[in-house]
Amino acid sequence: MIIPTEPDQNGWSGVSLERLAGQLGRLRQTPSTHQPFVTERAQTECVKRNGNYFKRSGVNDGVGVNSACVEERFVVTLTYFPSLNMKTLMVFDFDDTVVDDNSDTWVIRCLPSNTLPDSVKNSYRKGHWTEFMGRVMSYIGDQKVTPEGIRSVMETIPFAPGMTDLLTFISDHKSTIDCIVISDSNTLFIDWILQASGLQAAVDRVFTNPAKFNELGYMEVRCHHSHDCERCPVNLCKRKVLQLFLSEQCARGVEYQRVVYAGDGGNDLCPTSCLGERDVVMPRKGFTLEKLLAKLEDDAPLSARVVAWSSGTAILEELKASMQS
């Protein structure tokens, strides 16, 4: 916190712009995930006298300077870091979490036979699912299934129990909840499904495998990124995605009082290792992630609290509790 000198008779007090900017830089290097960060800004009138800067009294703290000089008088934008009204970050897997099935297998319903030939099924290699899905979509294209036909099928996938109510709540509370999806599905499937439900406003960012239709009308899927994590499939390390997102948000002056991570699969285990003691991991009951977390209890327990869910209602209750704490 910066406490300016006592104001003079006209209400002006001395303050160092360099000190303000320097404190901003130091705070941004703070390693804590939950350090209070930017939530609001205000402007104050400043003047420059004999090489020294002065500002109006009445605003006693804040850092971050963006000045627009007009001769000797200018306006400084002060960025505040209050301890209240901090946001919660809600992180979702997509398949078997937001929706109640696997979108990559649901798409097979667009085929007349509702099945793949053995030549395609047997081409899968462990850890290379995205490459496999490229062959699946190529086969679907060979069967003359149109992009519209694929989309119409994908829009019928059901949401997990209680999930539409949860996403609606998030949409209605964007001032206190940010929401991202980190998924091994693809951009087209997720966008179609969220748009068809009218719930896309709940989700701020989607991190998944890029997909598009080529000039022949075939859907192509690429890997989200490359990484060196030995625990994750070659196309996606969710821990790397989450850490990078938090880092980028920090650079923008946004940090979270709590991260709530909801998932179901084996590739949701890795990102749980970067969560802190104030965060919550929410595995879906009866699915792989819950079993993997149970095995960690004796060997290397997580810092984050673990709360299993079978309905989005349980996640909603956790979010509401987070907003009140």
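One residue is enough: does the range 253-260 have a residue meeting the conditions β-branched (Val, Ile, Thr) and over 11 Å from the mean Cα position of the chain (by Cα)? Yes, the range 253-260 contains a residue that is β-branched (Val, Ile, Thr) and over 11 Å from the mean Cα position of the chain (by Cα). Please pick out the residue among Leu302, Leu293 that is modelled with pLDDT under 90, surrounded by 16 or more Cβ atoms within 10 Å (Cβ to Cβ) and more than 19 Å from the chain's Cα centre (by Cα). Exactly one of Leu302, Leu293 is modelled with pLDDT under 90, surrounded by 16 or more Cβ atoms within 10 Å (Cβ to Cβ) and more than 19 Å from the chain's Cα centre (by Cα), namely Leu302. Just to be sure, is Gly217 exposed (fewer than 15 other Cβ atoms within 10 Å of the Cβ) and touching a residue at least 60 places away in the same chain (Cβ under 8 Å)? Considered against the rule, which asks whether it is exposed (fewer than 15 other Cβ atoms within 10 Å of the Cβ) and touching a residue at least 60 places away in the same chain (Cβ under 8 Å), Gly217 comes out as yes. Among the residues of the range 203-225, not a single one is in a helix (DSSP H, G or I) and in the same structural domain as Gly276 (by TED's automatic domain parsing). State whether the residues of the range 273-289 include one that is part of a helix (DSSP H, G or I) and not basic (Lys, Arg). Taking every residue of the range 273-289 in turn, at least one turns out to be part of a helix (DSSP H, G or I) and not basic (Lys, Arg). Of all residues in the range 182-198, none satisfies being assigned to a loop (DSSP other than H, G, I, E, B) and either at pLDDT below 95 or touching a Ser or Thr at 6+ places or on another chain (Cβ under 7 Å) (or both). Total residues in the range 103-123 satisfying the condition of being loosely packed, with under 11 Cβ neighbours inside 10 Å, among the small types (Gly, Ala, Ser) and in a loop (DSSP other than H, G, I, E, B): the figure is 1.
Residues that are outside any helix (DSSP H, G or I) and surrounded by 16 or more Cβ atoms within 10 Å (Cβ to Cβ) within the range 140-181 comprise Val145, Ile157, Phe159, Ala160, Gly162, His173, Ile177, Asp178, Cys179, Ile180, Val181, listed in sequence order. What number of residues within the range 251-268 satisfy the criterion of being buried (at least 21 other Cβ atoms within 10 Å of the Cβ) and in a helix (DSSP H, G or I)? Here the count works out to 2.
The values are calculated or read from the model by the stated rules, or taken from the named source; none is laboratory data. Every value quoted in this text rests on a predicted model; they were computed, and no experiment measured them. Virtual Cβ from ideal backbone geometry, glycine too; neighbours counted across all protein chains shown.
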